[in-house]
Amino acid sequence: MKLIIVESPSKAKTISKLIKGYLIKATLGHIVDLPEDKMGIDLNNFEMFFVPIKGKNKIIKELKKFVNRSEIVYISTDPDREGEAIAYHIVERTKPKNYKRIEVHAIIKEEIKKALLNPRDIDYNRVYSQFSRRLIDRIVGYFLSPLASKIIGGRLSVGRVQSPALRLIVEREREIRNFKPQTYYQIQVVYKKDNLTFIAKLNRNIKEREEAEKILKEIKENEHIVYKVIEIEQKESSPEPYRTATLQQDASKILGISPEETMNIAQFLYENGYITYHRTDSVKINEEIISKIRGYIKNNFGEDYLAKKIRIFRRKKFSQEAHEAIRPSIISPNREPKNINLTGKAKKIYELIWNRTIASQMESALWKKIRYIIKAGENMLISEGKFLLFEGWRRIYPEIEMDIIPKLDENEKLNKIEVELLEKQTQPPPRWTESTLIKMLEKLGIGRPSTYAQIIKTLKKRNYVKVKNGVFYPTETGEKLIDWLSKEYPWVIDYKFTADMEEKLDLIQEGKLNWKDVAYEIYQKLKDVENKIKDNRPTEKQIEFAQNLSKKLNLNLSEDIKNDRKKLSQWINKNKPPTEKQIEFAKKLAKELNINLDEELLKNQKKLEKWIKEHLKPTKKQIELLNKFKEEGYEIPTEAFISFQKAKETIKKIITNKTNANKKPK
């Protein structure tokens, strides 16, 4: 038996339809990770202790069974850093006697056969790169997250990549807050010729209104003559094929689809054989496919629309160039968006990828740009227009914006319809959208294609940012975290440091750097944190809250309590007043039960919570369950039908007894 191991069941299903004679099994992603309840790293030698992820023991056991029965095992996990690490862990956990690693960049028959004919060994440099990435992320989070939580208050998370991304959002918000708008003036003139109206604007902005009104008067009183005509023809080169970041940007900007959803859809398209691997920062396409793209353009649009030379796109800064660009896995008319069996957002994403791939080898669009300089006394006004002379690659994209203006000759007198003085204000920089944030992260070298969507998801999940009307706003918690990191650990949110770290991970992958040296460098920056975590002083937030409570309730707060975190927490819990919602609920409950509610209870949260538990009636669901158990012969105390707490205790006791009874051997 020949076994192929992949990551996802849908990928396994697609491959099993395309090739025969192989058993295909899936791991469902990573099978092991560092433990959740401890660091899992020996900081003396950086040995990592991986354990099966919850629910994966069964999968590992099943894989081992099939591995033992197989004459050869082909490990076809994703062709990237994470996929290589998964392949390594599969070997470590299942111990195959005969195995090979294969890379499948497109789930189509030809690519799978090609991969099977060109197997390789596991790339340990790629594995070490993933180890280094995982280790650094763990120790940064493991050391700094509890310290941030302790100092700032709440349950906070610090991340090697997420925190610099948060800094971008916080800094932009503060730029906007501190921005002081400046008033300025513009003058524009509306003209008409050949039934076409067009606009010209004064060639500068004016700061003072008095000066603006003076120039307005001159422009109104003088003749308007075309002083100069400038015409140029300009080529607009076709766009490069998609890489992960640009696909996410366009999906967000054009389709309104979030980066996370875009990646999920792209994963589906890849696993079902529609596109090549979608986590890539490469813009290259292999020669065989380029030939097919050019043949398609020639047959469907004509020779004129084909780029004269094969278009080769330059490698981007920070690019790993490990894969091809994102492209359709097959280039042929029956794979055009209108001819494939896709619907909804999946079809829209596929159409973006198809159009961009075809456009990348099409001829440049040709524009004619016209600039008229118009003289009005001593003042110069500018009017600009542009026309499309040849569509080129823009034939793929029907929405083309053109600025139509009439033909004018030098020294021609113009018919002005209206002269306007416009009062305007300078604008602050715009807030980040998902699209522009990804563009900036890529520009700064923060993160990698596979991480952009996760970064944004984490920032939202941790409540560090909110999205309103498509733009990011930092929360108070997000700003406090950045302030603390800026003061105590500025290197964590330093853009250059984060980008340099990504480059070091690439150098590890290329075998040019030892992964443990990189881990050691980070650990040295965090050695002081352990003592700070053990420090028992309360947070500023705790002290402030306790002092306000002491003042409000006229309670004694000793220095001994104030300087001990545990004692202060106990003091706060003991004396904290109930919330308005709790008080309102207790009063309503007392009224329903027709009993008095002691005013003293309304001053202490702990006491009021206890009173509510004692007097709260059982829910409808609890009563139904109790009646069911009674019918089954269980003895139910009368109090259980009166008290919520007693009902809860009784139900729990019966369920535990039933569970234990079922566990007894028959």
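For this structure, a couple of remarks:
- Counting 0.36 nm for each residue step from E510 to E540 and taking away their Cα separation leaves a gain of 6.2 nm.
- Each helix, a run of at least 4 DSSP H residues, gives -39500 (n - 2.57); summed and divided by the residues of the chain, these come to -14500 deg cm²/dmol at 222 nm.
- Convex hull projection area averaged over all views, segment 553-647, Cα basis, nm²: 8.5
- Relative contact order [Cα under 8 Å, 6+ residues apart], segment 244-359, whole percent: 33
- The equivalent ellipsoid that matches the C-alpha gyration tensor of segment 45-198 spans semi-axes of 51, 31, 12 angstrom, in descending order.
- Directionally averaged projected area (the chain, Cα convex hull): 46.2 nm².
- E363 long-range amide H proximity, modeled H, under 5 Å: L306, A307, W393
- Rounded tilt (10° steps) of 162-178 against the dominant C-alpha axis of the chain: 60
- For segment 2-122, the C-alpha radius of gyration divided by 2.2 N^0.38 Å, with N the number of residues, is 1.09.
- Net lengthening on full extension, T656/E488 (0.36 nm per residue, minus Cα-Cα): 55.5 nm
- When the P(r) of segment 133-204 is calculated, the portion above 18 Å amounts to 67% of the C-alpha pairs.
- Computed over segment 350-458, the percent of Cα pairs more than 22 Å apart is 66.
- For segment 244-359, dividing the convex hull volume of the Cα atoms by the residue count gives 110 Å³ per residue.
- Here, segment 82-122 yields an orientationally averaged convex hull projection of 3.1 nm² when only Cα atoms define the hull.
- Lysine pairs with alpha-carbon atoms under 21 Å apart, segment 244-359, spacing 8 or more or separate chains: 17
- The order of the peptides 626-636, 106-116 by mean Cβ neighbours within 10 Å, most packed first, is 106-116, 626-636.
- Crossing angle, helix 209-221 versus the chain [Cα axis fit, 0-90 degrees, rounded to tens]: 30
- Placing a label point 7 Å from the Cα of L366 along the Cα-to-Cβ direction, none of the residues of segment 405-438 has a backbone N under 12 Å of that point.
- Calculated on alpha-carbon atoms, Rg and Dmax of segment 464-518 in Å: 16.1, 45
- For segment 506-564, diffusion coefficient by Stokes-Einstein and Kirkwood Rh (Cα), 4 °C, 1.567 mPa s, µm²/s: 85
- Whole-angstrom Cα spans of segment 131-174 along principal axes, big to small: 36, 23, 10
- Between L117 and K253, the C-beta separation translates, for a Förster distance of 30 Å, into a calculated FRET efficiency of about 0.15.
- Per-peptide average of other Cβ atoms within 10 Å, ordering 77-84, 638-645, 121-128 highest first: 77-84, 121-128, 638-645
- Column: log10 I(q)/I(0), Debye, Cα scatterers of segment 620-663, q = 0.25, 0.28, 0.34 Å⁻¹: -0.85, -1.02, -1.30
- The angle between the Cα long axis of helix 9-18 and the main principal axis of the chain comes to about 60°, on a 0 to 90 degree scale.
- Annotation: peptides 464-472, 25-33, ranked by per-residue average of other Cβ atoms within 10 Å with the highest first, follow the order 25-33, 464-472.
- Estimated FRET transfer efficiency (L28, T197; beta-carbon r; R0 45 Å; 0.05): 0.10
- Full extension of the chain segment joining E418 with E614 gains 62.7 nm, where the gain is 0.36 nm per residue of separation less the Cα-Cα distance.
- Given R0 = 60 Å, the distance between the Cβ atoms of R204 and K576 translates into a calculated FRET efficiency of 0.45.
- Between segment 128-179 and segment 509-531, the alpha-carbon center distance in angstrom: 17
Every read-out reported here was derived from the displayed coordinates using simple, explicitly stated rules and does not represent laboratory data. Computed from a prediction, not measured in an experiment: that's the story for all the values here. Note: ideal-geometry Cβ built from the backbone for every residue, glycine included; neighbour counts use all protein chains shown.
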